[in-house]
Amino acid sequence: MNFDDTPQEAAFRAEAKAWIAANAPKQYEEELRKSSLGRTQLKGANILEVAKVWQKKKADSGWACLHWPKEYGGRGASPIERVIWQQEEGPFGKLSGMFIIGHGMCGPTMMAFAGEDQKRKYLPPLASGEKIWCQLFSEPAGGSDVAGLRTRAEKKGDDWIINGQKIWTSGAHYSDYGILLTRTDPNVAKHKGLTMFFLDMKSPGVEVKPIKQANGASDFNEVYFTDVRIPDSQRLGAVNDGWNVSLTTLMNERMSIGAGVSTGFPELFEFCNGLMLDDGPAIEDRNVRSKLANWAVKASGLKYTSMRAISALSKGERPGPENSIGKLVAGSMIQDVAAYALDLQGAAGVLSGPEDAEATGKFQAMLLRAPGTRVEGGTDEIMRNIIAERVLGLPGDIRVDKDVPFNKIPTKGRG
Amino acid sequence: MNFDFSDEQKQMRDEARKFLAEKCPPKAVRTVLDGNASYDKDLWQGLAEMGFLGVAIPEEFGGAGAGHLELCVIAEEMGRALAPVPFSSTVYLAAEAILIAGSAAQKKKWLPAIASGSAIGTLALFEGKGNPSPEAIKLAAAGGTLNGVKKPVPDGAIADFAIVAARTGSTGRDSDISLFLVDMKAGGVEAKALTSLDPSRGQAELTFKNCKAEPLGAAGEGWSVLSQVLDRAAVLMAFEQVGGADRALEMGRDYALDRIAFGRPIGSFQAVKHMLADMYVSATLARSNCYYGAWALSTNASELPEAAAAARISATQAFQHCAKNNIQVHGGMGFTWEFDCHMYYRRANATALGLGSLSYWEDALIDRMRKRNAA
Ligand SMILES: Cc1cc2nc3c(=O)[nH]c(=O)nc-3n(C[C@H](O)[C@H](O)[C@H](O)COP(=O)(O)OP(=O)(O)OC[C@H]3O[C@@H](n4cnc5c(N)ncnc54)[C@H](O)[C@@H]3O)c2cc1C
Ligand SMILES: Cc1cc2nc3c(=O)[nH]c(=O)nc-3n(C[C@H](O)[C@H](O)[C@H](O)COP(=O)(O)OP(=O)(O)OC[C@H]3O[C@@H](n4cnc5c(N)ncnc54)[C@H](O)[C@@H]3O)c2cc1C
């Protein structure tokens, strides 16, 4: 049980530190440090451009997608080295937000299922941020129930013709490529008729319509497909085996979303340390202290749980379903933390203009983004099911649609 | 970085688990719970023979000299099994106090006796309601004799010796407090067993009347030693709590798989699954905080006070959470004396109080975090 770097790890840390000191866009450091969930913007700069420049610089010097093999644009680094890099990259890591889906989910899926030539062609520009990828899974009829999706793919000669609609596709409006899950056989049970592809988002027939979110931002989209043509060579996995391919994606999703999720605790603690209440400093208040202590041990529990996971990974164990815990705990925690920070300010907690306390706006941004965190990448309920079934071994939910052909499943709840 | 126990330590855990499964089945806990014994003497001797009582005591004092990570591993298993023996009072409190502050003679006399199972020790700190604080200590020490009353004292009625916190000054500062070592057989102290929330572990009232006592550590340093002892014990007790939480979770899971209602195993109802998933979450977060505490304890790191408070809080919450929902999963059966659920529920709520309540440790954690932030 120790936190010490081995000599190799210490050397790696020193190298990373030096490189970051010499190359990071320091003019944005303070702003990035202060930004919190739902609020990463840079004044007077296009964050997408800044992020792409930083990612390219990292890739050129071998600091991008550290755990990927070198030939695909990575560094072949160990899990621990990856953590060391994240520690050293600090606030600049927030610039990787728009690459998470590509690096965390699409890349690993390509690595597992694409042909060797394709991997060498598509992965390095994904690693370097020159090309951005999105994940086209969810549909109005298939969110938690991903396998309930309706977007059709029909074989025409050597190509597939896609028709249908995706929704909540993060980053589709600036993405170059996407991985796409489709239905190829509606006459069999729903999990058995799916096929996975990857495609160029600029293909004719693809239309991306940004959706305005509950928090006012527009990070996700509707994506419409009208007779979009995809060559069979861009199929990932076998025809009608798309469900298994998507499980690879979803497993990686859990790892990469679950790893560095914000809890809002550091922000709350700092805030309470400076806040005066009517009857004295907030930090001296019995109730405030009790709330803080409860959240503090959740935040540290998550931190050390991920360290245990990394230790296991570095011994060659595979990332397991227990990683669902991160997003599950952090999602509702940040929601509660933000509401509490506002509550402490009484009536003034409602104000969000720049002339009012900077903190208010920050916690309001968290509050308004948190509902999305509890839904994206699997809802709280789905995470609990995963823990109950895959960690604790409890029976799966009863699935009334399991053995029914997809086109016989009811499509409406009432009437 | 390696944030896990070593293979040898895990092997020791397996050994302890096997030993306790055999020597400490729920039936053995019930013998004490039902009032038929004050503690399980055979188990106590068995633990001594296995080397578990002296696992963190240096070899020169008759222990195994393995260290505190190993003690954490054993503590977890003691909690899992609800071992009805004076392990925490003797090993986490008394032995730690002697290791920190004892003279060479005191170490030589008491540590080998602890390791061999021939001496049970305790810490007499509380005097009625309240949490650990120098102000709450009224029991007076003058001229090497003690006068006053301590309660609750864990295992006080079966202890061979007690470390007693006493007032030796009136300046209003922490330095008014000193520690003493009392041989319970030497006279001057009367022990009365008290009834408590968890009868599988004893509680007592100790009345000192002109009781002869030898100082433990320097005069005026009692409070500083006590806070170290409490922090160290908090980590070890947290491992016991995590062991108990894990076992309660397992019991609930097993019952949910076996029990049929409405034609299905109750574990297939999502309300039950999610309840168990939440139990897993709290036990896992607590375990991770405990690992950090174990690291801080074993290296005597400056982070220990903060790590100990965090481990204590999350392990207390996890054990209470898992124990109460284990009963809920068991339905009406869980509310019977016959089923073991209530033994975990009792232990969870009793261990939540023993080293100071949850709110005491919440306060301590925030103070310590502020100190670190200010530094
Ligand atoms: C910010 C954000 C970004 C996203 N980005 C992407 C993206 O990039 N690509 C992509 O493909 N998708 C994306 N999504 C979609 C996301 O994966 C889905 O929203 C999510 O899986 C939930 O599906 P749903 O919205 O259809 O909700 P539903 O599945 O309709 O769920 C509604 C409610 O029912 C509950 N529920 C459903 N099934 C069960 C069950 N079996 N047991 C218990 N409760 C259940 C849910 O927990 C929820 O509370 C994003 C979503 C958000 C909010
Ligand atoms: C103090 C006390 C007094 C009682 N007095 C009487 C009395 O006078 N007369 C009498 O006839 N009975 C009495 N009972 C029995 C009581 O009605 C049952 O205990 C109760 O109905 C629960 O049934 P069970 O114990 O079989 O639990 P189970 O049905 O086995 O339930 C075990 C767990 O599974 C959960 N569960 C079960 N089914 C579902 C489901 N469909 N969905 C989600 N979760 C589910 C339960 O909520 C529980 O957490 C008493 C019980 C108690 C504790």
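Bear in mind that the values in this text are calculations on the coordinates, not laboratory data. Worth saying up front: this structure is predicted, and the values here are computed from it rather than measured. Methodologically, a virtual Cβ is constructed for each residue, glycine included, from the backbone with ideal geometry; neighbour enumeration extends over all protein chains shown.
Here are some notes:
- Cβ-based charge dipole, the range A:281-391, positive-most Cα from A:GLY301, A:ALA312, A:SER290: A:ALA312
- For the range B:225-375: Kirkwood Rh in Å [reciprocal of mean 1/r, alpha carbons]: 16.1
- Given their separation in residues at 0.36 nm each and the Cα-Cα distance between them, B:GLU60 and B:THR145 gain 27.5 nm when the chain is fully extended.
- When the convex hull of its Cα atoms is projected in every direction, mean area for the range A:116-261 (nm²): 9.3
- Charged neighbours of A:SER128, selected by a Cβ distance under 10 Å, balance to +3 (K, R count +1; D, E count -1).
- Note on B:SER103/B:THR336: beta-carbon distance plugged into 1/(1 + (r/R0)^6) with R0 of 56 Å gives a FRET efficiency of 0.65.
- Reachable lysines, given that their alpha-carbon falls under 19 Å from the alpha-carbon of B:LYS129 and they are not under 8 places away in the same chain: B:LYS138, B:LYS150, B:LYS151, B:LYS192
- Diffusion constant of the range A:65-180 at 4 °C, which comes from Stokes-Einstein with the Kirkwood Cα-pair radius and 1.567 mPa s, µm²/s: 82
- Listed residues A:PHE99, B:PHE3, B:ILE74: farthest to the positive end of the dipole of the protein assembly as shown (Cβ charges): A:PHE99
- Each Lys or Arg adds one and each Asp or Glu takes one away; over the other residues whose Cβ falls under 9 Å from the Cβ of B:VAL182, this sums to -1.
- Along its first, second and third principal axes, ordered by size, chain B spans 73, 52, 39 Å in Cα coordinates.
- 11 Å beta-carbon shell around B:VAL153, net charge (K/R +1, D/E -1): 0
- Here the translational diffusion coefficient of the range A:272-322 follows from Stokes-Einstein with Rh set to the Kirkwood radius across Cα pairs; for 10 °C and 1.306 mPa s it amounts to 119 µm²/s.
- Modelled label positions at B:SER133 and A:ARG390, each set 7 Å beyond Cα in the direction of Cβ, lie 4.9 nm from each other.
- For chain B: relative contact order, % (alpha-carbon pairs under 8 angstrom, 6 or more apart): 15
- Structure-based [θ]222 nm, the protein assembly as shown - -39500 (n - 2.57) summed over DSSP H runs of at least 4, per residue, nearest 500: -15000 deg cm²/dmol
- Rounded to the nearest 20, the Cβ-based charge dipole of the protein assembly as shown about its Cα centre (Lys and Arg +1, Asp and Glu -1) stands at 1160 debye.
- Rg/Rh ratio calculated on Cα atoms of chain A (Kirkwood radius): 0.98
- Three-way shape call for the range B:196-241 based on the alpha-carbon gyration tensor, with the a/c threshold at 1.5: oblate
- Here the Debye sum runs over all C-alpha atoms of the protein assembly as shown as equal scatterers in vacuum, and log10 of I(q)/I(0) at q = 0.06 Å⁻¹ comes out as -0.45.
- Cα centroid separation - the range A:48-113 against the range B:120-138, whole Å: 55
- On the beta carbon distance between A:ASP343 and B:ASN349, with R0 = 35 Å, the FRET formula returns roughly 0.70.
- The orientation-averaged shadow of the Cα convex hull for the range B:164-265, equal to a quarter of the hull surface, comes to 10.4 nm².
- Cα centroid separation, the range A:381-406 to the range B:103-117 (Å): 56
- Note on A:GLU116 and A:ASP176: with the Förster distance fixed at 22 Å, the Cβ-Cβ geometry gives a FRET efficiency of about 0.55.
- The label point for A:ILE409 and the one for A:ASN273, both projected 7 Å from the Cα toward the Cβ, are 5.0 nm apart.
- Separation of the B:LYS212 and A:ARG318 label points, Cα + 7 Å toward Cβ, nm: 7.0
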